[in-house]
Every structure is written in C-alpha cells, then in structure tokens.
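The values are calculated or read from the model by the stated rules, or taken from the named source; none is laboratory data. On a predicted model such as this, the values are computed, not experimentally measured, just so you know. Positions of Cβ are generated from backbone atoms using ideal geometry, with glycine treated the same way; all protein chains shown enter the neighbour counts. These area figures cover heavy atoms from the full protein model, side chains too; ligands, DNA and RNA do not enter into them. Shrake-Rupley method; radii C 1.70, N 1.55, O 1.52, S 1.80 Å.
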Amino acid sequence: MPRRLLWLLPLAFALALLAWWGLQHWQGPRVSAYRVHAQPLVQDVVATGRVITPSRVNVASEVTGTVLQRLVERGQHVEPGQLLLRLRSDQAQAQLEQARAALRQLLQQTRPQALAALRSADSALRLAQAQARRARAQAPSGALSQQALEQAEQAEQAAQQQQAAARAAWDAARPGGAVQLQLQAAQAAAQAVARRSEIRAEVAGQVLTRNVEVGDTITPGQVLFTLARAGDTEVSLPVDEQNLHDLAVGQQARCITDGYPDRVLDASLVFIAPAVDTSSGTIELRLRVSDPPAWLRQDMTISCDLRTAQLRDALVVPDDALREPEGRQARVLVLRGGEARAQEVRLGLRGLVASQVVQGLRNGDVVIADRSVRAGQRVRARLQGLPAAPASAAATGAATGGSR
C-alpha cells in the first residue's frame, strides 16, 4: 500500500466509530422488556390464617366442690361420656343412699305390710257383712234385738272403711304405685346430684386447655376444660373484601404452615362469612382440610393460595409493564419500529405478577417494563422472562400468583 494512503486508515476507523455511535444513539438505549405471548394463567387469593375446628366446647361444673381427681391432660383425645374430673361428693352420696334406703324399705317392709293389712281388712269386712246379714234376718222375728242389729250394721260400716283405707294404702305401695314412683323420682334426683360431682365429656374431641388441679375448689359455671370438637379440620382465613367478587364456595386451595413449610395441604372453600369486618376491611373464609395430618395442630399459622380462576390459553403481560392501571383499564408502551408507543389495553384475569390482556395487544408484541422510558422515545429491547411468582404461590404451583 502506498504511504500516501496510510493516513486514510485512522480516518476510516474514526468515521466507522462515529457512524456506529450515531446508529446506537439513533436506535436508543437498551431497556428491559417482555414479549407478550399466550400461556396458562392462574389467579389466586393469597392470605394467612389459622387452623381451627368447627367448634370448641367449654366444660364447666354445675356445683361447687373440691377436685379429688383429674383424669385427662392437654392434647388428649376424649370420647362422649369419658370421665374428666371427679369432685368430693359426701353430701350428694348421703342423699343418694337415703333415697335408696327409702326405696328398699318400701320393697321389703311397707309393701308387704300394706298387702297384709289389705287382706286382713278384706277378711274383717267379709265377717262383718255376714254378721250383719244374720242380724237383719233375725230382727223381724224378735230373735235379735234392735240394738244388736244396729251394732252389727255399724260394725259392717267400720269394716268397709277399714277395707277402703287398706285398699288405698296398698294402691299407693303396690308395684308402680304413687309411693314407688315418688321414691324412684327422689332416687333419680339424688343420682343426678351425685353425677354432678363427676365431670364428663359430652362430645368427642381433643383437650386444648385445662384450668384446674387436684385440690382446687371450683364454682358453678367455671370453665375447667376447653375441647376442640372432633370433626373436619378447618382454616379461618381473613381476606381483603376487594377479593369478594372472585370467591365462590368449592374453590380449591393449597396451604403451607409456618411450622412445616415443606409440606403442602389441600383444602377447599366451604364458607364465606355473611358480613365484612368493618375494623379490618376483611371477610372471613373457612377452608376445610381434606385429609388433615397428625402433625397439624390447633391455631397453627397457615398460608393459603386459593385458586379463584384459571385459563389455559391467555395473552399474558407482566404487571410491572402496566402503567396507570385503573380497574380493567391500563396503558403499556409497545416497541414498534424501534420506538416506544403508548397503547391502551383492557385487562381480564388479574394476578400479583401478571395479568391477562383481552384487548389492545397481539401475540408476539414487545412491551417495555423500564419506567424511565417515555412514549415516542427510541429504544432497543432487552428481553427477559416473566417475573417469578411470590414464594407462597410458587410453592403451590401457581405460575402467576394470587389476586390483587
């Protein structure tokens, strides 16, 4: 190459560098962006609640007494009728023994005596009636005086009265009679009083709390035990009332407890509270755990992803690319011809990290996520994948997270 042309090389390099810089400047900076495409979309309501049972039962005493024996501990499962606590019951036992003794006296003494008295009165009445008939037959012929006739008739009347009294006494003392019924009622009442000294479980469940020890003196109405009633295990889940329009009984959820974050529980929505808590702006949901494990305990903190909607093929745009969202309307910057252009879009299913676009974008469009870019600015796209779902949603397999 001639020496006179060597000086042109630096000039050509400088011109090429200047052209490259000019092209880069004209094309604009590289900014983060997403390519819009159709994919499955899941909408979840994500909230934290507590494990509960459908109901809790407070066990109390009906009488005042001193605790002699406590037979259950916290965490123990009990069955209906199982003895939980025994109180001192000296007076109640004495009243019960007195009632039993009165009933034995009826069976062994009063009833046999009443029967014997009735039989004796029947015999005496028959004799008096026979004597009165003979007196009435002899009086007309003069064989018997009028005074003797009157005495025979008075004896007959007295025998009738004695027989009536003996019959009444027997009717009261006979099997099924008034005396027996009265004594049986007294015995039942004494037994009821005595049973109050034995505190038993009325329902099956688990002992959550015990508030009494041997030697304690308790009073009527004092709560001694709290039982978690046996039945379906549920989750009480307060969620923002803004999610109410997305909720429906029967929706499925997957839950994770703070104590066992590596174990997932399946649950379903079975109850939506009829009223909103005005102090917190939340509404209570009840989720039923389909197959509660043995390690699941009452009042455990639990996070649930409740699946409220799902689409198999939705045009999805990340939420950080949405600008000025208001309800179902939003604006995005679309890269077209190397320039950021504003585009109004209509949204469908909403999520925490991505939302469905039902109008305004096409499959393959590139939307700009960089907030520093303005409409009309020339930029180049640095494409990136969809943002990750929150940790709780990821654990449940929800690709795009929960509801707003």
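Relative contact order of the stretch 269-379: 21 percent, from C-alpha pairs under 8 Å at least 6 residues apart in sequence. Straightening the chain between Gln161 and Ala94 buys 20.2 nm, computed as 0.36 nm per residue apart minus the Cα-Cα spacing.
Among the trypsin sites (Lys or Arg not before Pro) within the stretch 294-329, not one is in coil by DSSP while having at most 11 neighbouring Cβ atoms inside 10 Å.
For Rg/Rh (Cα atoms, Kirkwood Rh), computed directly from the structure shown, the correct entry in (i) 1.00; (ii) 0.98; (iii) 1.52 is (iii).
Ranked from largest to smallest solvent-accessible area, with a 1.4 Å probe on the protein heavy atoms, Leu183, Leu127 come out as Leu127, Leu183. A straight line joining the Cα centroids of the stretch 63-98 and the stretch 110-130 runs 50 Å. Separation of the stretch 146-163 from the stretch 261-336 is 99 Å, based on Cα centroids.
Accessible surface for the stretch 163-282, divided over its residues, is 53 Å² per residue with a 1.4 Å probe.
Note: relative contact order over the stretch 188-329, using C-alpha pairs below 8 Å and six or more positions apart, is 22 percent. Share of carbon and sulfur in the accessible area of the chain stands at 51%, probe radius 1.4 Å.
Summary value for the chain: 29 percent relative contact order, contacts being C-alpha pairs under 8 angstrom separated by 6+ residues. Loop sites here are chymotrypsin sites (Phe, Trp or Tyr not before Pro) outside DSSP states H, G, I, E and B with no more than 13 other Cβ atoms within 10 Å. The longest part of the chain free of them is 8-294.
Averaged per residue, the stretch 33-128 has 55 square angstrom of accessible surface, using a 1.4 angstrom probe with ligands and nucleic acids left out.
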